[in-house]
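Shown next, in structure tokens, is the structure this report addresses.
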Amino acid sequence: MHHDAAHLLSPSLRADPPADATVARMLAGADGPHAIADRIAAVSREMTRWETNGGLAGWRPDPSLDPRAAGALTDYLASCQALPDWADPARIARAEALFMDMSMLSCTLLFCASLPECYVLPDLSAVLHAAGQLEAHTDYRVRSTAAMIFPVMLEGGLTTPAGGGVAQTLKVRLIHATIRHLILRGSPEDSLGAGPVRPLAVAGGGIYHTLYAHGWDTARNGMPCNQEELAFTLLTFNYVFLRGLRKLGLGLARQDEEDYLHAWNVLGHVLGIERSLMADTMEEAERAFAEIQARGRQLVRAPDPRPALAAALMQAMENEIPLRLLKPFPTLLTRLLCGRDATRDLGLNARLPLLSRLLFTGGLAAVRAIDAVVRIFVPGFSISRMLTRVFGYRLVTRFLMDQTRPLRLPEALLNEVNDATEQWRHDPKAPRWMNRLEARLAGRRVTP
């Protein structure tokens, strides 16, 4: 199909031609699921050497890699690593500073807003479900997401040779294209009008065999990891994050919000998302988000994969809360941040213990009232910020900074992430006594 003709298709039927062409070349000559899995494993070993943005130019494939795959990867890096000409380094730097300022709070919003909203689209949830039974491996999804977010949002992540944001994002982009190729058992372009891909008996263990055997109906479900789903996912990490801050009474200035959207749009470009599907203002983002969700809700899947994914995420958070009375709080916070419709979609609308609900609702109202009054006299004061930081700290230490299972990042980048999270232990906006209280609540050693 001609490139211009492809853009006449619905975004749900559009994929990522540069990345898809790379995967088709990369897997050329690999016949059957076992050979494909071996080729992907070899390519994955090569991608672990994509460590920094500046290092991409000097990367050379190992001589043992199939020459077709080697050529495909070399051309992919040459054509896809540049930032768009509309990228503004100053605005990106401002977004990086905002991310660092939100610190542990960012992690709370990731768990209780961004990830749950990712699950709302039925077909996106179906792909996530197929890609490794994620309801049984929630921490894998969280850690994979963090392994992209941190390199992108740390200082210089997208804009400097020493940063790792472009390198990590290009890996994710190629993973998306590989998932499409495996599920469709060929190129997305060839699947259009070709009829459903029938499920097969799984021929071996592991995610590659599972995806290859899964089956898919493009006419009914759209393309796996299609442009609309990618654009929606981008919105969950910029718009939903900013919306969550507003709902917690911690909203940013308009220019700061738009700078944050801009930085993520630059990431979206590197990830292969079409510019026309990105939002530059909160108003545009709100409309796009609502429209995509409305279209997604028209599709009915049986069985519905969304409640199981959401339940697993909530359970993972509950496991980190020692007090029984407070265990429903992650679900209650997710309901607040995601809204009634998403709560119903995710099956999170079951009745919770009355005392927990009263404590959450009453506590939230009291915190907002106290914050509003005290901020008049003490700028930067926020109990809401402190409490969400406490919860974020527990999630960070459990899921992201567990020394027995470090994030899958190059060592230098992992050290940078560790340094950043160490800085997050102290909130520069809070008075000393609030930092000491936060440390006690989070179970950290209280410094003098």
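Derivation of every value follows stated rules applied to the coordinates shown; laboratory data play no part. What you are looking at is a predicted structure, and each value in this text was computed from that prediction instead of being measured. Note: ideal-geometry Cβ built from the backbone for every residue, glycine included; neighbour counts use all protein chains shown.
Things to note:
- Magnitude of the charge dipole for the chain, about its Cα centre and with charges confined to Cβ atoms of Lys, Arg (+1) and Asp, Glu (-1), is about 1860 debye.
- Separation of the Arg340 and Asp419 label points, Cα + 7 Å toward Cβ, nm: 4.9
- Order of Thr218, Thr281 under a 10 Å beta carbon neighbour criterion, fewest first: Thr281, Thr218
- Candidates Pro196, Pro116, Pro307, ranked by Gaussian network fluctuation over the chain, Cα under 10 Å, top entry: Pro196
- Label-to-label distance, nm, for residues given as Ala57 and Leu200 (7 Å Cα→Cβ offset): 4.2
- For region 68-122 versus region 204-241, the gap between their alpha-carbon centres in whole angstrom: 17
- Using a Förster distance of 25 Å, the FRET efficiency for Leu354-Gln298 (Cβ separation, nearest 0.05): 0.10
- Among Ser106, Ser276, Ser144, the largest mean-square fluctuation in a Gaussian network model of the chain (Cα springs under 10 Å) belongs to Ser276.
- Taking the charge dipole of the chain about its Cα centre, with +1 at Lys and Arg Cβ atoms and -1 at Asp and Glu Cβ atoms, the residue from Cys338, Val166, Ala87 reaching farthest to the positive side is Cys338.
- Using a simple spin-label model with pseudo-atoms 7 Å out from Cα toward Cβ, Gln255 and Val374 lie 3.0 nm apart.
- The slack in the chain from Asp101 to Ala162, taken as 0.36 nm per residue of separation less the alpha-carbon distance, amounts to 19.8 nm.
- Listed residues Asp85, Asp123, Asp38, most fluctuating in the chain (Gaussian network, C-alpha, under 10 Å): Asp85
- What the Cβ-Cβ distance of Ser10 and Ser79 gives, at R0 = 22 Å and to the nearest 0.05, is a FRET efficiency of 0.30.
- Normalised by the number of residues in the chain, the average gap of Cα pairs under 8 Å and 6 or more apart makes the relative contact order 23 percent.
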